[in-house]
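Asker: After the structure tokens below, expect a handful of questions from me.
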Amino acid sequence: MEHITEIARMRDVVKGWKMQGLSVGLVPTMGFLHEGHQSLIDAARKQNDKVAVSIFVNPMQFGPNEDYEAYPRDMKKDLAICEQAGADAVFAPTAAEMYPIKNNVYVDVNELGDSLCGAARPGHFRGVCTVVAKLFHIVTPDKAYFGEKDAQQLAIIKRMVSDLNFGLEIVPCPIIREKSSLAMSSRNTYLSEAEKEAALVIPKSLESAKRALLQGERNAETIKRLITGMIEKEPLAKINYVEVADALNLKPVSDIIKPVLVAAAVYIGKTRLIDNFTFREV
Ligand code: AMP
């Protein structure tokens, strides 16, 4: 496995692969890898001749008061995980390599980015789309792997690929959870033991919502109240948003008559965590 930091070298390596007629899978990450990331690498490994994992904490997608500086980083451990998972290359550029000068041109997103995390984090998805577009241009993968944990990101990237004619396939991968049912996240490392325990209210409240939906509840307000009611009982938790949105356009719905994304963003102490599920049985 090669550890690559320069764009030019990454391009050369991919060129070599393509000249041999090999297919390329890309797994874009911000590092501090866990089993959620590993599941993406495993899927890429199964479906492609060569796998590149990118590790880049993208400053453009962090707001001024967010955790860009504090975001956990451990390149040595990440490289070992990638090697073990069978990646062929890790592309880990510096911010200066990716953004030598301030961008004048961005990839921006319209309505799909207005709700949920987009409403809570202005400019976030512009940063995500811009960096993912750059990674797609640099690595030119046949397939790229994204987790359903970041459901809005997945929907936006799929749409970017179709709107802007990127000739590649986006492969969605299911949410990987701790034994406790907490969705795995690099940010879980910020949590104290008490906060980890408190954070379980997020998957538990979503599970209750899923049960209510399976029992026939179709009123979005009732579903949201069920989730918020449970989370508000947890003293360490503060809701950022709880939403029931159309699974395709991500606009909030009132009656559940089509597949919906049920999503929550919750602060546990200072740590913002997200989780979701999609309910399709309507
Ligand atoms: P991140 O490093 O947090 O930017 O995530 C990189 C990729 O891994 C994104 O496509 C995420 O959706 C995905 N991912 C992160 N956590 C999980 C998880 N628990 N299960 C599945 N995919 C995940």
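Asker: If you consider only alpha-carbon coordinates, what radius of gyration and Dmax does region 75-139 have, in Å?
Answerer: Considering region 75-139 through its Cα atoms, Rg and Dmax are 15.1, 40 Å.
Asker: I'd like the distance separating the alpha-carbon centroids of region 166-213 and region 214-247, in whole Å.
Answerer: Answer, in whole Å: 15.
Asker: Further question: May I ask you to compute the full-extension gain from GLU83 to ARG177, defined as 0.36 nm times their residue separation minus their alpha-carbon distance, rounded to one decimal in nm? Let's see the in-between values first.
Answerer: Working: separation 94, 0.36 × 94 = 33.84 nm, distance 2.23 nm.
Difference between extended and current length: 31.6 nm.
Asker: Also: Where Lys and Arg each count +1 and Asp and Glu each count -1, what net charge lies around LEU214 among other residues with Cβ under 12 Å from its Cβ?
Answerer: On the way: positive: LYS210, ARG211, ARG218, ARG280; negative: GLU207, GLU217, GLU281.
Counting the neighbours of LEU214, the net charge comes to +1.
Asker: Another question about this same structure. Please name which of CYS82, GLY118, ILE257 has its Cα lying farthest along the dipole of the chain towards the positive end, using unit charges on Cβ (Lys, Arg +1; Asp, Glu -1) and the Cα centre as origin.
Answerer: Comparing the listed Cα positions along the dipole, ILE257 ranks first.
Asker: Right, here's the next one. Hey, what did region 129-257 get for relative contact order, percent, Cα under 8 Å, at least 6 apart? Each step should come with its number before you reach the end.
Answerer: Working: 118 pairs, mean separation 22.1, N = 129.
Dividing the mean separation by the residue count of region 129-257 yields 17 percent.
Asker: Exceeding 23 Å between C-alpha atoms, which entries from my cross-link table qualify? They are LYS149/LYS258; LYS76/LYS102; LYS102/LYS251.
Answerer: Values: LYS149/LYS258 21 Å; LYS76/LYS102 29 Å; LYS102/LYS251 32 Å.
Over 23 Å Cα-Cα: LYS76/LYS102; LYS102/LYS251.
Asker: Three principal axis extents, largest first, for the C-alpha atoms of the chain, in Å?
Answerer: 55, 39, 38
Asker: Mind giving me the FRET efficiency for GLU111 and ASP49? R0 is 22 Å, r the Cβ-Cβ distance, nearest 0.05 is fine.
Answerer: Numbers: r = 37 Å, r/R0 = 1.70.
Calculated transfer efficiency: 0.05.
Asker: Which percent of Cα pairs goes in each bin when the distances of region 139-282 are cut into 5 angstrom slices starting at zero?
Answerer: It works out to 2, 10, 19, 20, 18, 15, 10, 6, 2, 0, in whole percents.
Asker: Sticking with the crude label model, points 7 Å out along Cα→Cβ, report the distance from SER162 to LYS270 in nm, one decimal please.
Answerer: 4.1 nm
Asker: Evaluate the charge dipole of region 1-86 about its Cα centre and quote only its size in Debye, nearest 20, assuming +1 on the Cβ of each Lys and Arg and -1 on the Cβ of each Asp and Glu.
Answerer: Working: 10 positive and 12 negative charges, 89 e Å.
Charge dipole of region 1-86: 420 debye, to the nearest 20.
Asker: Label points 7 Å out from Cα along the Cβ direction at HIS34 and ASP67: separation in nm?
Answerer: 1.0 nm
Asker: Return the sequence-ordered ³J(HN,Hα) values of region 143-150 in whole Hz as given by the Karplus equation 6.51 cos²θ - 1.76 cosθ + 1.60 applied to θ = phi - 60°, using x for Gly and Pro.
Answerer: 9, 10, 10, 9, x, 6, 4, 9
Asker: Now, a different point. What FRET efficiency comes out for the pair LEU200/ASN249, r = Cβ-Cβ distance, R0 = 51 Å, nearest 0.05?
Answerer: On the way: r = 31 Å, r/R0 = 0.60.
In this case the efficiency is close to 0.95.
Asker: Another question, then. Going by how many other Cβ atoms sit within 10 Å of their own, how do LEU213, LEU154, LEU22, LEU206 line up, fewest first?
Answerer: Working: LEU213 21, LEU154 17, LEU22 14, LEU206 24.
Starting with the residue having the fewest Cβ neighbours, the order is LEU22, LEU154, LEU213, LEU206.
Asker: Distances over 18 Å make up what percent of all Cα-Cα pairs in region 4-81?
Answerer: Working: 1519 of 3003 pairs.
I get 51 percent for the Cα pairs in region 4-81 exceeding 18 Å.
Asker: Counting only other residues whose beta carbon sits under 13 Å from that of ASN65, what net charge do I get with K and R as +1, D and E as -1?
Answerer: Values: positive: ARG121, LYS270, ARG272; negative: GLU66, ASP67, GLU69.
Charge balance in the 13 Å sphere: 0.
Asker: Taking N as the number of residues in region 183-247, what is its Cα Rg relative to 2.2 N^0.38 Å? Working shown, then result.
Answerer: Values: Rg = 12.9 Å, N = 65, 2.2 N^0.38 = 10.7 Å.
Relative to the rule-of-thumb radius for its length, region 183-247 sits at 1.20.
Asker: Check PHE32: other-chain or 5+ apart residues with amide H under 5 Å from its amide H, H built from backbone geometry?
Answerer: When sequence neighbours closer than 5 places are left aside, the close amide H contacts are ASP74.
Asker: At 222 nm, what helix-only mean residue ellipticity would the chain give, in deg cm²/dmol to the nearest 500, using -39500 (n - 2.57) for each DSSP H run of four or more? Don't jump to the answer; show the numbers that get you there.
Answerer: Values: 10 runs with 109 residues, N = 282.
Dividing the helical sum by the residues of the chain leaves -11500 deg cm²/dmol.
Asker: Tell me the net charge near VAL244. Cut-off is 13 Å between Cβ atoms, VAL244 excluded, with +1 for each Lys or Arg and -1 for each Asp or Glu. List each step's numbers first, then the result.
Answerer: On the way: positive: LYS210, ARG218, LYS224, ARG225, LYS251, LYS258; negative: GLU217, GLU221, GLU243, ASP246, ASP255.
Result for the neighbourhood of VAL244: +1.
Just so you know, all these numbers are worked out from the coordinates, no wet-lab data involved. From a predicted model like this one, the values you see are computed outputs, not experimental measurements. For neighbour counting, all protein chains shown are included, and Cβ atoms are generated from backbone atoms with ideal geometry for every residue, glycine included.
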